[in-house]
Amino acid sequence: MDFLKDLFFLEGDEFSGEGGMASIFSMEQEDETAEGEKYPKKLPILVVRNTVLFPGVIIPINVGRPRSLEAIQKAYQMEGRYVAVLAQMESSIERPELDDIYRVGTIARILKIIHLPDGTSTAVLQGRRRFRLVELTKEIPYLEGKVVALPHEKVKNKVMLKAMVSSILDEMAEIVELSPHIPPEAMAMLQNITNHRFLLNFLASNFVDAKVSEKQALLEMNDMEAKAKRILEALRGQLQVLEIKDQIESKVRSDIEKQQRDYFLNQQLKTIQEELGQDPQTEAVQRLRERAEKKDWPEYVAKHFERELNRLLRMNPQIPDYSIQLNYLEFILDLPWNTYSQDNFDLRKVKEVLDSDHYGLEKVKERILEHLAVLKLKGDMKAPILCLVGPPGVGKTSLGRSVARALNRSFIRMSLGGLHDESEIRGHRKTYIGAMPGRILQSIKKAGTSNPVFILDEIDKVGKTFRGDPSSALLEVLDPEQNTSFYDNYLELEYDLSKVLFIATANSLGSIQPALRDRMEIIWISGYSTEEKVQIARRHLIPKQRENHGLKAKQVNITTPAIRAIIRSYTRESGVRNLDRLIAAVMRYVAKKVAMKESYDKSIKPQQLKEILGAPRYINDEYIAIEEPGVAIGLAWTSVGGEIFVIEVSLSKGRGRLTLTGNLGNVMKESATTALSYLKAHCDELDIPYELFDKRDIHIHIPEGAIPKEGPSAGIALLTALTSAFTGRKLRPYVAMTGEITLLGRVLPVGGIKEKILAAKRSGIKEVILCKENQKDIEEIKPEYIKGVKFHYVERAEEVLALALRKRRGRKKKKADTTKKEK
């Protein structure tokens, strides 16, 4: 291959069928042919794929297709050895037609043809000049076409072109420096090219990494400035890729070097320590062993620890499992095995602490004192599992902290709201990456004793997903018969939780799993009455907020009427959270006055609340006497306490249709139907003509229709209102009632009695009718809270109607007239 002696090769793609090539540059051919060079009008056409030939560039082409071999042979025999080279649009087409090739190409001179043993040939071509294909004149045995040479367009702005070429060379210098595949000599060669047109063609052919269509677009460009700009953009894109690649390689290289450096340093350090008689691994194991000797733990734990410690000794400190095993052993040591705090058995002192922290909640306090009393007498007893159920804000969670303080125990609070992974309770197995013990044992470790007060907050809001059911995992934790040997997946040992005083809190029992509910001792905490809220505010909330706002007792005094006004007109809640916020707002008002040295009334009265807190948010449900038949007063329980409500019954001409309005639930609708059925069955006793039920449409309405109403409590109130409407007898004033009714006229007990009675007292009700079985609930309410209210305990519907309705005037006379007429 003597013809390659003075040629310089640049690395490129390997030959890949016809058109695969490595570009060659000859320093002797750096310009296009002179304008005087003549070309035949018809030339054989060589269709190449995967490449575009530019004028001035020399490339070898693998020729294997029959028509291409014929075209090369024919052109090599012609004068000048010219061949028209066109690029193929799609490289997968083996026999391209006219529609498969571009119309603009390069006239090339065949420098040499090399015949290879496999039947193919390699032709070394030198691009001469661009041309446009006018038409095909022959397709067999080779392609031949009429061509027209394309003239050069003169440069409009030589200064601009020169500047852009300079920028291109700067970009190329950085590319050559960063690219490992381009020899450094390439830059010197590029700087020696003085012809700008040839330089751009050479760069487009060899250094622009683009698709065939993009290179073809560069070939077809006549404007030198536009071509230079396009090439500059392409080179800048390639340079950015090379820079990022270089950064990545540098980072990887530095990481590898750091790892190797750390390894060698660790090995040297290990050797030095061995020479000095020091061994960090042995020292760590020795520290663990010394701690283990001081631990008072069960024998099976000691044997397991020793076995795991020996396993640690056999491990290579460099492997990840070593640190996992070390953390596991340290966790075993950190658990408070057989470590218990001394309970406070001074029951009077415990009662004082509980009373000072919380007002009311007598049942819970009594249950705690009972447990301590038995523990004091017996000396050893499994702790009870208590579940405090009540509306938000009544002090369930804070009560746990108070119990811990009273018992002199550590306090732990674990929120279960939204918990949906069983591993949060039982822990992960050590085989998993990032394994951790469950939150139960983590909390025990944090407490430092094995008998803390453990609050399981919001146990009714535990979730359940494909990861498991945490409430099922809690069955073992909250069962006194099982939690003596609680098994954590991470610990892989049994741990005794029987001395832990678990107190769960919930807002409702409906969402708690029945098996879990069965394991807990349920203590209901009802909402606070207005009187209780007043006491809580005076004893706890006002002093706390006064201290939080930097005020002294002499600087502000919220009067009892003002506290009552805040409770009734600005809050609707069972607890005292909003009351606490409103008291804080009053304190901020006073703090501002004190800080700005403005005059103000130190005694906060109800009249000042509008200025401080704004207009009242709620209207008091005071009783308003209604002198109309068909109206009764019922009592309802809500999540924010008790309320009174009015039941209205209206009769109109019709066919006996019953209409219920007021956003009533299914149970309340059934109660209305039951009351109407009872009334029809006993119409003779109540002097109601039976035909009247078929001639009147009945409409029952409970005002405040936007508020949903549900439950059986309104049964006797519905019956009373219906009876009043059909008989025309008015309801006695200041009488309210609550209770369920059956078809046979029995009155059944209902719940929420405390809240209902306090609401009746607050609204001015003087007499309350309720089931006899609810008498025990009345006896649990403090007498001072219900002073002035008379209670009627009934068993039958007839008793309710006799107590609630006024007597009909002239009834005896009418009855006598009827008797006389019959005679």
### Query
From R103, R95, R129, which residue is out of contact with any Phe, Trp or Tyr (no Cβ under 6 Å at 6 or more places or on another chain) and in contact (Cβ under 8 Å) with a residue 40 or more places away in the chain?
R129
### Query
List pairs: first in region 144-163 and basic (K, R), second open to solvent by 70 Å² or more (accessible area, probe 1.4 Å), Cβ under 9 Å, 6+ apart or cross-chain?
K146/K41; K146/K42; K146/V134; K146/E135
### Message
Condition (residue is among the acidic types (D, E), in contact with a helix residue (DSSP H, G or I) (Cβ under 9 Å, 6 or more places away or on another chain) and either over 30 Å from N157 (Cβ atoms) or modelled with pLDDT of 80 or more (or both)) applied to region 201-214: is it met by at least one residue?
### Response
yes
### Query
So which residues in region 295-310 are open to solvent by 80 Å² or more (accessible area, probe 1.4 Å) and either of a type in the set (S, T, N, Q) or at pLDDT 85 or above (or both)?
E299, Y300, K303, R307
### Task
Tell me, yes or no, whether region 700-723 has at least one residue that is surrounded by 20 or more Cβ atoms within 10 Å (Cβ to Cβ), assigned to a helix (DSSP H, G or I), touching a Leu at 6+ places or on another chain (Cβ under 6 Å) and β-branched (V, I, T).
yes
### Message
So, E648, is that one open to solvent by 60 Å² or more (accessible area, probe 1.4 Å), of a type in the set (D, E) and over 29 Å from G764 (Cα atoms) or not?
### Response
no
#### Entry: Elements of type helices (runs of 4 or more DSSP H) in region 504-606, at least 2 residues being touching a helix residue (DSSP H, G or I) at 6+ places or on another chain (Cβ under 9 Å) and of a type outside the set (A, V, I, L, M)
530-536, 542-548, 560-570, 577-595
### Message
I'm trying to understand the selection: among the residues of region 91-140, which are open to solvent by less than 30 Å² (accessible area, probe 1.4 Å), of a type in the set (S, T, Y) and either farther than 21 Å from S213 by Cβ or touching a helix residue (DSSP H, G or I) at 6+ places or on another chain (Cβ under 6 Å) (or both)?
### Response
S121, T122
### Query
Given the residues D118, D170, which is the only one that is outside any helix (DSSP H, G or I) and among the acidic types (D, E)?
D118
### Message
I need every pair where a residue in region 345-364 that is over 19 Å from S529 (Cα atoms) has its Cβ under 8 Å from the Cβ of a residue that is open to solvent by 50 Å² or more (accessible area, probe 1.4 Å), sequence separation at least 6 or different chains.
### Response
F345/K376; L347/K376; V353/R405
### Query
Restricted to region 132-165, and to residues that are in a strand (DSSP E or B) and in contact with a Phe, Trp or Tyr (Cβ under 7 Å, 6 or more places away or on another chain), which residue is nearest to A228 (Cα to Cα)?
A149
### Query
With D684, D694 as the choices, which residue is out of contact with any strand residue (DSSP E or B) (no Cβ under 9 Å at 6 or more places or on another chain), in contact (Cβ under 8 Å) with a residue 24 or more places away in the chain and open to solvent by 20 Å² or more (accessible area, probe 1.4 Å)?
D694
### Query
From I741, I765, I769, I778, which residue is surrounded by fewer than 22 Cβ atoms within 10 Å (Cβ to Cβ) and aliphatic (A, V, I, L, M)?
I778
### Query
Can you name every residue in region 728-771 that is touching an Asp or Glu at 6+ places or on another chain (Cβ under 7 Å) and β-branched (V, I, T)?
V735, V747, V750, I753
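The values are calculated or read from the model by the stated rules, or taken from the named source; none is laboratory data. Please read all numbers here as calculations on a predicted model, not as lab measurements. Cβ coordinates were reconstructed from backbone atoms using ideal geometry, including for glycine residues, and neighbour counts include every protein chain displayed. Only protein heavy atoms, including side chains, enter the accessible area calculation; ligands, DNA and RNA are left aside. Shrake-Rupley method; radii C 1.70, N 1.55, O 1.52, S 1.80 Å.
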